[in-house]
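Below is one structure, written out as structure tokens, with a few remarks after it.
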Amino acid sequence: MLRRGFILFLPRLVGLVVVACCLVSIIYMLACTPKGDNQQPALPRVHGPTVKEGYEAILQERDEQHHNYIISLKKQIAQLKVELQGRSEQLKKVQDQNPDALDIQLDHSNLEKAQANLLAYLRSQIDKAEVHSGVKLSTEYAAVPFESFTLQKVYQLETGLTRHPEEKPVRKDKRDELIEVIELALRSLNNPEGDDNAKHGLYTASDFVEGIYRTEKNKGTLYELTFKGDTKHQFKKIVLFRPFGPVMKVKNENVNIADTLINVIVPLAKRASKFRQFMQNFREMGIQQDGRIHLTVVYFGKEQINEVKSILENTSKSTNFKNFTFIQLNEEFSRGKGLDIGARFWKGSNVVLFFCDVDIYFTAEFLNSCRLNTHPGKKVFYPVLFSQYNPSIIYGHQDSIPSLQQQLVIKKETGFWRDFGFGMTCQYRSDFINIGGFDLDIKGWGGEDVHLYRKYLHSNLIVIRTPVRGLFHLWHEKQCLDELTPEQYKMCMQSKAMNEASHGQLGMLVFKQEIETHLQRQKLSSKKT
């Protein structure tokens, strides 16, 4: 019975196998038929007259497609090789600059090691930044300037058209940043590691004097904060650093400037009336308020010399001030030579030199900033002073020009940060002598201060460059002499143009006639109506 069933099932099985073979043959023929670019070419008939030529054409077309595909792959491989080489060079550069950076991995199995690696990397950022020592720079434009701040205001260089040279921090992130830094400094002072602050008591925000800060884009932000100390002439300085992460305390030191003498050196030729104004400022701020100061006047020529000596002697008698030196040179005026001779003439112990001009106004607070931002063999101070505009233009719409003290306000309408000038500077005499002093080949106005500034930048000294609120350049009419070299004359004219008024005020002068015409038309129009 089984045999009969098998005999009956066998023809059906053979039929199914034949049908399956046919289907496989059809599928194979469809899959292996060559395709063109846009449509499938017709399969040549087996007995047709062009069967050989048709297959040759199809084979040639397929060969071209494969050839083009191989070329495309080679191009992609070449591009990948170039990109891989570039990435390898970038990785090698990062490894060379930050050898510890790649070791910072968040390995949860060894969290303590990861935290230690991270801390080591952050501390390495402090070593790479200009905190403990200066960095040699190629030009004067490579220096990163500081900005200064108090509890209420920020004094900034990059003002643009919307920001002011003195303003309250508008951006929340800037406010929060400075508040965090001050609070951290206060916590550090009130929780000392030793017993340094035991006698002072609790430090508060009212003890904060001022701070300076700057950001190096690839390292972090450096903060230096000054607080009042135990006595009038003692201060506390806190140095903090934010290495693109938590703020880290660098040091906590006592700074005593009670015995730090400043030698103010002023080169002068004629200009007796300006010298009288300068001595009024020197008497009030330098002698009466500060008291730790010496004045050196280097005078060129003989014209008006008796008047200048008389002003100096009268100040000495009225204030019982004997700490001054008067040096006369019978030769052509040279600012650099005058300052250089005045600095080298000093025979006492190492002293802070403040290179000053007769048209400068300074406060007693600035003299302390001069002391706090200089350190022999380590730091020199290049303050950015606030330059006054022409008072006759600024206050031309008023009935009278205010007094000098009322004019000395830091606002966008009254002046500008003189960030292109490097003439007013504080440094220890030893640093000035070791750096080589001024270039005495430069004659007349301008150039000598930039050369000295570049010398400091090329050294390992830290250059503190920051706007200060207690140093002003008083406006005076500037004369650019024909005897100047083309470079000096260009610098002089640039300074002259910058001194007159703000962009808006100069624009009002340029369009004064147009404004008056408009006002007259408005009056006529109102009368008709």
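The values are calculated or read from the model by the stated rules, or taken from the named source; none is laboratory data. Please read these numbers as outputs of a predicted model, since none were measured by experiment. Positions of Cβ are backbone-derived with ideal geometry, glycine not excepted, and every protein chain shown enters the neighbour counts. Only protein heavy atoms, including side chains, enter the accessible area calculation; ligands, DNA and RNA are left aside. Shrake-Rupley method; radii C 1.70, N 1.55, O 1.52, S 1.80 Å.
Would you mind computing, in nm to one decimal, how far apart the modelled labels at Lys512 and Asp439 are, each placed 7 Å from Cα along Cα→Cβ?
Taking the simple label geometry, Lys512 and Asp439 are separated by 4.0 nm.
Heavy atoms only, probe 1.4 angstrom, no DNA, RNA or ligands counted: give me His473, His233, His67 ranked by accessible area, highest first.
His67, His233, His473
So for region 262-477, taking the charge dipole from beta-carbon charges (+1 Lys/Arg, -1 Asp/Glu), which of Phe278, Ser387, Asn434 sits furthest toward the positive end?
Going by the Cα projections, it comes out as Asn434.
In Å, the Kirkwood hydrodynamic radius of region 206-256 over pairs of distinct alpha carbons?
Every distinct Cα pair counted, the radius reaches 11.6 Å.
Roughly how many nanometres apart are two label points built 7 Å out from the Cα toward the Cβ at Phe420 and Lys527?
Simple spin-label model gives 4.6 nm for this pair.
Under a 1.4 Å probe, what is the accessible area of region 262-477 per residue, stated in Å²?
40
Could you give the length gained on full extension between Asp127 and Ser273, defined as 0.36 nm per residue of separation minus the Cα-Cα distance, in nm?
47.5 nm is the gain from fully extending Asp127 to Ser273.
So which lysines can Lys174 reach, going by Cα to Cα under 29 Å and dropping same-chain residues fewer than 8 places off?
By straight Cα distance, Lys174 reaches Lys128, Lys153, Lys217, Lys219, Lys228, Lys236, Lys237, Lys249, Lys251, Lys379, Lys411, Lys412.
Report Trp417's accessible area, 1.4 Å probe, all protein chains in place, as a number in Å² to the nearest 10.
Counting only protein heavy atoms, the figure is 20 Å².
How much net charge surrounds Ser387 when only other residues with a Cβ under 15 Å from its Cβ are counted (Lys, Arg +1; Asp, Glu -1)?
Overall, the nearby charge balance is -2.
Within a Cβ distance under 13 Å of Lys455, other residues only, what is the Lys/Arg minus Asp/Glu net charge?
Net local charge, Lys455 excluded: -4.
What's the extension gain from Asn190 to Lys249 if we count 0.36 nm per residue and subtract their Cα-Cα distance?
Residue separation times 0.36 nm, minus the Cα-Cα distance, leaves 19.9 nm.
At R0 = 22 Å, how high is the FRET efficiency between Gln505 and Lys168 if r is their beta carbon distance? Nearest 0.05 is fine.
0.40
Amide H to amide H, which residues 5 or more places from Val264 or on other chains are under 5 Å from it, using H placed in the peptide plane?
So Val264 has HN proximity to His294, Leu295, Thr296, Phe354.
By the scheme Lys and Arg +1, Asp and Glu -1, what is the net charge of all other residues having a beta-carbon under 14 Å from that of Ala497?
Net charge around Ala497: +2.
Let me cross-check Arg175: its accessible surface, 1.4 Å probe, with only protein heavy atoms counted, in Å² to the nearest 10?
90
How much of the calculated P(r) for region 262-477 lies past 20 Å, in percent of all Cα pairs?
The proportion of pairs with Cα distances above 20 Å equals 59 percent.
Take Arg175 and Glu332, extend 7 Å from each Cα along the Cα→Cβ direction, and tell me the distance between the two endpoints in nm.
Rounded to a tenth, the inter-label distance reads 5.7 nm.
Give the peptides 130-139, 398-407 in descending order of average Cβ contacts within 10 Å, highest first.
130-139, 398-407
Run through all the Cα pairs of region 169-280 and give the fraction in each 5 Å bin from 0, expressed as whole percent.
2, 10, 17, 17, 13, 10, 9, 8, 7, 5, 2, 0
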